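Undergrad: Dumping the structure here so I can ask a few things about it.
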Amino acid sequence: MSLLLLAVALLGFSGLCSLLLGGKRSGANTLGAAGGVVGSLVGILPAIQVLRTGTTATFYHPWNVPYGSFFLQIDALSAFFLLPIFLLSALAALYGRQYMESTPGGKNLGAFWFFFNLLIAGMALVVTARNGILFLMVWEVMSLASFFLVTFENEKESVRRAGWTYLAATHLGTAFLFVLFFLLGRESGAVLLDFDSFSGAGSRVSHVADVAFFLGLVGFGTKAGFVPFHVWLPEAHPAAPSHVSAVMSGAMIKTGIYGILRLLTLLGTPTPGWGWALLAMGLVSGILGVLFALAQHDIKRLLAYHSVENMGIITLGVGLGVLGMSSGHPALAALGFGGGLLHVVNHALFKGLLFLGAGVVLHETGTGELEHLGGLMKKMPWTAGTFLVGAAAISGLPPLNGFVSEFLLYLGALGSIEAQTMAPAGFLVIVGLALIGGLAAACFTKAFGTVFLGEPRSEHALRGHEPGRSMLLPMVLLSLFCALIGLCAPFVIGALCPAVSILTSMPFPRVESLLSPAKAPLLWVSVGGILFLVLAAGLAGLCRRLLARRRVEQAGTWDCGYVKPTARMQYTASSFAQPLTRMFDGILRTRESLDRPEGLFPVYAALKTEPRDLFNDLVYRPLFLGVEWLALRLRWLQEGHVQLYVLYIALTLLALLIWNLS
Amino acid sequence: MRLLVDALIVLLILTNLRLVASSHLAACIYVVALQGLVLGLLPLLVGTDPLTLRACVLSGLTMVLKGIIFPWLLLRALRAVQVRKEMEPLVGYTTSLLVGAVLLALAMWFGRRLPLPVSEASPLMVPLALFTIMIGLFAIVSRRKALTQVLGYLVMENGIYAFGLTFAREEPLLVELGTLLDIFMAVFVMGITIFHISREFDHIDTDRLSLLKD
């Protein structure tokens, strides 16, 4: 435990120091990044220790804030979230030092690193806090720190707008959490809002547990980015610097999942309704997330929508687990929670990797617009290679890690179909996962193909070259982790057991025996994957040997046999995705303006598409316009006369006094 | 002694009514000065313990500030801005008196209903305090001139002072001095502000200062 406190102290101290050094750019930059890396590495140690030994570490200190206590605890569930948070943050900090060097001169890098390290510390405390007040406090620290990181380039109007959207969304979500904790505290009747005292608060009156679950689902779901609370994600992620997007998407939104899981452990035995609600939310988020991603032109916006999709997959797992618990299918519960938890780590790894890769592209070429890129693989092979690994992993292809977690979910769903009572749920999960996986593969084919293959589509893409080692190293490490989890899947399952046993409140050996049937097929997958790699390496060697004594010529891609090909002959990102986006046009509602080619020798033709978000257009815009309309209707109250304002106050006070006395 | 206290309380109630019924600004200032003097006198008469030097000093300080210095500051501001009368108040003088009567009845009712320990000085103390606070608020709401609003603020503060008197004959010295200093600064600053508003806009009608409402 003391190591975690040390890590938080290190993060805070280095952040403060770099804030004070703000004027000296390179000093602040190095110190802040170094603090982030060292602090995060120190923080990983207690998490590993807890996972390895199966103990819990506790730190308790009284606090004179009402209802509050300084109560931290690392159990297996917390440790399981601490691991990706610290790992990704350390790598992102390492990457960020070089990334931030090229920011324009007037920027205060000290302030940036202060908020970055504060964000890491905030996330670590969120998953270890065991008191409602402390939790809400560090939750706000985390949200506000990330807000300042998102608005780092605040001279751009679009960034400021994204920042406000994020701030409004996160505070609306937190409002639900406030109600949640005070409701639980009132029901438990304890003096302090410690989590321990909540257990059983829900079980006395059943609807209290239902209301608490609903509040948590909305509050935590806003942070996790479930549809329809996801609208801030595609705004905030593209606006932030790329390693911030990586941390936010890979680690921060996971705190929403953590919140829901922790709430489930506090509320006692779940009802089937919660499981169905989670399942529905997961399905909608997963399918809509990947569909919206298909229509995007901006690489970071596309990745942001994929975060929505992956949160959906995790929620599918959690929903399966809850259904398994409420209906008495321990195997379903173990596999569902296990798959969901593993996907939390997996998503942190490959989404972090993809955002870092997108950051390199953005950093080197100056644009994230897919239609302006192309052919970057020749100039940055390492970046392209690691991005490809991430893309394959996120599409759920074996032998990488994305496949393993989805495989657990498939196994659970198949088991539930066999058990027959939960067959509809299993059926839904299988169909949903298959659809999501297919669409994700299509989407990443589009993203990888347009960015890295073919010929450069604009002079932006000509500028690209490989970044420095400190930016490449985190990406290489992340892709190695992706491959490692995929290839060592049978051993990874064992690491899941402690956290799953907390969630299902089943003893450790029982969970182990429930999860072990998954090991045999996964072993085959691993062996197959290793064989595949060996085969691929052998074929590559053979190819090289055969070509060794021949002349190798290089020609432009997509030149279609013309003498003078142009880059515009290639497939574009939109044209690649068009068959799919057309199919789902009713949901995507992409705005198109088309100038058709006319005559036998057309001189001009143009197509412009603008992806939109269904929920922004149909839900939030009307809602906020309505609020504004109402506010304008109340304008007569605000006349500008001081006398009237005092009258309002006096009348209110008088009315309250009379109401209270009579 | 009790009779004297009751008589003073009635006098204070009358000063309150006089304040909302008068159109002459100078007369209003004199009324508030009188109120301040009487209020400063009250703590010496209320209660049974022997008088201490501290109580006498505080009471004297209150009388000097509320009865002499504030009126003097405000009269100076009044001379500087050359306004004599509150023309066209938002609520007319007759109506103001009627409202005052209603407020007095309300204060009496509150005084009976409020779950407070009965004051040892006089059962009229709590109603008086509430009535003075309400009249101060009413003066702020119903008058246009900035000067009358300052007077309303002062009267409201007097009400709060009277409320404190009901329970504790001696508030802690520091609190007492702090409050006095606060009001002193407030009146001082408001006097200057009134002068500047008048110089800038040629009037001190607060209801016309509504440009900054957004």
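Laboratory data are not the source of any read-out in this text; all were calculated from the coordinates shown. Values in this document were obtained by computation on a predicted structure and should not be read as measured data. Cβ placement follows ideal geometry from the backbone for every residue including glycine, while neighbour counts extend to all protein chains displayed.
Undergrad: Calculate the translational D of the range A:522-597 in whole µm² s⁻¹ from Stokes-Einstein, where the hydrodynamic radius comes from the Kirkwood formula applied to all Cα pairs, the temperature is 10 °C and the viscosity 1.306 mPa s.
TA: Details: Rh = 17.8 Å.
Diffusion coefficient, whole number: 89 µm²/s.
Undergrad: Continuing with the same structure: Specify which residue in the list A:303, A:289, A:325 is farthest towards the positive end of the charge dipole of the range A:235-363, using unit charges on the beta carbon of Lys, Arg (+1) and Asp, Glu (-1), about the Cα centre.
TA: Checked the options; the winner is A:325.
Undergrad: Now for a separate question. Of B:67, B:40, B:164, which is the most mobile in a GNM of chain B whose springs link Cα atoms less than 10 angstrom apart?
TA: Among B:67, B:40, B:164, the largest GNM mean-square fluctuation belongs to B:164.
Undergrad: About its Cα centre, how strong a charge dipole does chain A have in debye, to the nearest 20, once Lys and Arg get +1 and Asp and Glu get -1 at the Cβ?
TA: Computed charge dipole of chain A: roughly 1200 debye.
Undergrad: Among A:118, A:479, A:349, pick out the residue whose Cα is farthest towards the positive end of the charge dipole of the protein assembly as shown, where Lys and Arg carry +1 and Asp and Glu carry -1 on C-beta, about the Cα centre.
TA: The one lying farthest along the dipole's positive direction is A:479.
Undergrad: Compute the angle between helix A:109-126 and the longest alpha-carbon principal axis of chain A, please, reported from 0 to 90 degrees and rounded to the nearest 10.
TA: 60 degrees
Undergrad: Can you check what the Kirkwood hydrodynamic radius comes to for the protein assembly as shown, Cα pairs only, in Å to one decimal?
TA: Final number for the Kirkwood radius of the protein assembly as shown is 32.0 Å.
Undergrad: Among B:137, B:74, B:177, which one shows the highest mean-square fluctuation when chain B is modelled as a Gaussian network with alpha-carbon springs under 10 Å?
TA: B:177
Undergrad: Which order results if A:314, B:29, B:197 are arranged by neighbouring Cβ count within 10 Å, fewest first?
TA: B:197, B:29, A:314
Undergrad: Now a separate question. Per the Debye formula with a single identical scatterer at each Cα and no solvent contribution, what log10 I(q)/I(0) holds for the range B:15-119 at q = 0.14 Å⁻¹?
TA: For the range B:15-119, the Cα-only Debye profile gives -0.77.
Undergrad: Also, quick follow-up: Taking residue A:24 as the anchor, which lysines have their alpha carbon closer than 29 Å to its alpha carbon, excluding any fewer than eight residues away along the same chain?
TA: Within the straight-line limit of under 29 Å, residue A:24 reaches these lysines: A:107, A:156.
Undergrad: What does the charge count near residue A:502 come to, summing +1 for each Lys or Arg and -1 for each Asp or Glu among other residues with Cβ under 15 Å from its Cβ?
TA: Result for the neighbourhood of residue A:502: 0.
Undergrad: Which shape class, rounded, prolate or oblate, goes with the range A:571-610 when its Cα gyration tensor gives a ≥ b ≥ c as root eigenvalues, a/c under 1.5 marks rounded, and past that a/b bigger than b/c marks prolate?
TA: Cα axes put the range A:571-610 in the prolate bin.
Undergrad: How many partner chain Cβ atoms sit within 10 Å of a residue's Cβ in peptide A:635-645, on average, as a whole number?
TA: Counting Cβ atoms of other protein chains within 10 Å of each residue's Cβ and averaging gives 5.
Undergrad: Place +1 on the Cβ of every Lys and Arg and -1 on the Cβ of every Asp and Glu in chain A, take the dipole about the Cα centre, and give the residue among A:467, A:33, A:626 whose Cα lies farthest towards its positive end.
TA: A:467
Undergrad: Next question. Cα gyration tensor of the range A:227-347, axes a ≥ b ≥ c as square roots of the eigenvalues: rounded (a/c below 1.5), prolate (a/b > b/c) or oblate?
TA: prolate
Undergrad: To the nearest 0.05, what FRET efficiency results for residue A:610 and residue B:64 with a Förster distance of 45 Å applied to their C-beta separation?
TA: E(calc), rounded to 0.05, equals 0.05.
Undergrad: Given R₀ = 41 Å, FRET efficiency for residue B:116-residue A:645 by Cβ-Cβ distance, to 0.05? List each step's numbers first, then the result.
TA: Details: r = 29 Å, r/R0 = 0.71.
Calculated transfer efficiency: 0.90.
Undergrad: When only alpha-carbon atoms count, how far does chain B stretch along each of its three principal axes, as whole angstroms with the largest first?
TA: The Cα atoms of chain B stretch 53, 36, 33 Å along the principal axes, largest first.
Undergrad: Angle check, please: helix A:132-150 long axis (alpha carbons) against the longest principal axis of chain A (alpha carbons), in degrees 0 to 90, nearest 10.
TA: With both axes taken from Cα atoms, the answer is about 40 degrees.
Undergrad: Still on this structure, I have one more. Residue A:370: net charge of surrounding residues, Cβ under 13 Å, Lys/Arg +1, Asp/Glu -1, itself excluded?
TA: After counting each charged neighbour, the total is +1.
Undergrad: What's the longest bit of chain A with no exposed chymotrypsin sites (Phe, Trp or Tyr not before Pro), using DSSP loop states and at most 16 other Cβ atoms within 10 Å as the test?
TA: Working: sites that count: A:63, A:562, A:571, A:604.
Between exposed loop sites, the widest span is A:64-561.
Undergrad: If you add up the charges near residue B:92, with Lys and Arg at +1 and Asp and Glu at -1, over every other residue whose beta carbon is less than 12 angstrom from its beta carbon, what do you get?
TA: Every neighbour counted, the sum reads -1.
Undergrad: Show that you can apply the helix-only estimate: for the protein assembly as shown, add -39,500 (n - 2.57) for every DSSP H stretch of four or more residues, divide by all residues, and state [θ] at 222 nm to the nearest 500.
TA: -24000 deg cm²/dmol
Undergrad: I've got another one for you. With Rg and the Kirkwood Rh both taken from Cα atoms, where does Rg over Rh land for the range A:616-661?
TA: On the way: Rg = 16.4 Å, Rh = 13.1 Å.
Radius of gyration over Kirkwood radius for the range A:616-661 works out to 1.25.
Undergrad: Can you give me the relative contact order of chain A as a percent, contacts being Cα pairs under 8 Å and 6 or more apart?
TA: Across chain A, relative contact order equals 11 percent.
Undergrad: In addition: From the square roots a ≥ b ≥ c of the eigenvalues of the alpha-carbon gyration tensor of the range A:25-118, which class results: rounded (a/c under 1.5), prolate (a/b over b/c), or oblate?
TA: oblate
Undergrad: Further, regarding this structure: How far is helix B:93-113 tilted off the main Cα axis of chain B, in degrees rounded to 10, range 0 to 90?
TA: 30 degrees
Undergrad: Sticking with this one: Can you give me the orientation-averaged projected area of the convex hull built on the Cα atoms of the range A:542-658, in nm²? Intermediate values should be presented prior to the final figure.
TA: Details: hull surface 81.5 nm².
The directionally averaged projection comes out at 20.4 nm².
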